[in-house]
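A quick write-up on the structure given underneath.
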Amino acid sequence: MVCLGNICRSPIAEGIMTSKLPENTFLVDSCGTGNWHVGNQPDLRSISISRKNGLDISNQKCRQIVSADFDTFDYIYVMDGSNYSDVVALSKNDIQKNKVALILNELFPNENRDVPDPYFGLENGFELVYEMLDETCEVISKKLIEKYS
């Protein structure tokens, strides 16, 4: 799960996806394209909305995407078009590039919709992002469980 700073959207997505998949079968992680928050925990608003929905993401530590992520992960979901461009630019070949997808395309195929960044957004922005990601992660988790079980 990738967003810009790894403090808002991607930590929420990591928490949600982790809760929907068997941990002994799947590895879920998140990171950012930027390095501003490396080592920090997610934004307190992300922690709060996750906690409100029964998830604890307070132990996550922000990190920046690295080229090794293309070897570690089979799927790299990004939150918006800018993240997509940045992550694809790090890929070394078509196999790596094809691992990268806009997360909302799972709900809205080929529409290339962005998950809005709630950092400077509306008061209920984190709640809306949580709901979007929860719905999307439900679709993805069902596909993954079916494929790998």
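What does the extension gain come out to for Asn53 and Ala101, with contour length at 0.36 nm per residue minus their alpha carbon separation?
Result: 14.7 nm gained on full extension.
State, as an integer percentage, the relative contact order of segment 70-149 based on alpha-carbon contacts under 8 Å between residues 6 or more apart.
On the way: 67 pairs, mean separation 20.9, N = 80.
Answer for segment 70-149 is 26 percent.
Write down, largest first, the equivalent ellipsoid semi-axes of segment 32-149 in whole Å, where each equals the square root of 5 times an eigenvalue of the alpha-carbon gyration tensor.
On the way: eigenvalues 106, 68, 46 Å².
Gyration-tensor ellipsoid for segment 32-149: 23, 18, 15 Å.
Given contacts defined as C-alpha pairs under 8 Å and at least six residues apart, what's the relative contact order of the chain, whole-number percent? Kindly include the intermediate steps, with their values, before the conclusion.
On the way: 241 pairs, mean separation 40.2, N = 149.
For the chain, the relative contact order is 27 percent.
For the chain, what are the DSSP H helices with axial Cα length of 20 Å or more and mean Kyte-Doolittle hydropathy of at least -0.5? Write down the numbers at each step before the final one.
Numbers: long enough: 125-148 (33 Å, -0.05).
Span-like helices here: 125-148.
State to the nearest 20 debye the size of the charge dipole of the chain about its Cα centre, where the only charges are +1 on K and R beta carbons and -1 on D and E beta carbons. Write down the numbers at each step before the final one.
Numbers: 14 positive and 22 negative charges, 54 e Å.
Its charge dipole is roughly 260 debye.
Count the lysine pairs in the chain that are 8 or more places apart or on different chains: how many have C-alpha atoms under 22 angstrom apart?
So the count of such lysine pairs works out to 12.
Each reported figure results from applying straightforward, stated rules to the coordinates on display, with no laboratory input. All values derive from a computational prediction rather than experimental measurement. When we count neighbours, we look across all protein chains shown, and the Cβ atoms used for this are built from the backbone with ideal geometry, even at glycine.
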